[in-house]
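Laboratory data are not the source of any read-out in this text; all were calculated from the coordinates shown. The model shown is predicted, which means the values in this text are computed figures rather than measured ones. All Cβ positions, glycine included, derive from the backbone under ideal geometry; neighbour counts span all protein chains shown.
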């Protein structure tokens, strides 16, 4: 069982174990109370940037908060889909669940990068460290995905009992040249 885990699958599962509960809780806080949830520690840089630099009114900031929560929940959904696809060994060996992981990494990286830029603009050092760490985690997994190609099918050899059976099974290609 442990010999058929690809490094991309293992790395994706570790990322999903962090991002699913963390981002789901952050999104839930924003959904239940948009203004208060937006001004919590993980999203405070985005809130300060939206209200101070963009000078968004309160209702527009609430809509912005809901959009952020929707983006985070989308990333959570794709990580969860990746986990479901990773459970099956045949899918995991072929790397067929990597599309869901790639979408989660793409959307999550954009959110973390934008959050990191906003945190640097408003001077929130803790939020900057948080978003930079999340971005580096996702970019590291994306780099691993690039270099970890799909698994090659293994050739199955069947031992032959009789030497004449082997001659009948081999194919010969005739070359006209």
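Things worth noting here:
- At R0 = 41 Å, FRET efficiency that the Cβ-Cβ distance of residue 80 and residue 125 yields, to 0.05: 0.85
- Which of 49, 18 has the fewest Cβ neighbours within 10 Å, and the rest in rising order: 18, 49
- Separation between Cα centres of the range 47-76 and the range 110-131, rounded to whole Å: 14
- Extended-chain gain in nm, criterion 0.36 nm per residue less alpha-carbon gap, residue 14 and residue 41: 7.4 nm
- FRET efficiency, 1/(1 + (r/R0)^6) with R0 45 Å, evaluated for residue 133 and residue 88 via beta carbons: 0.90
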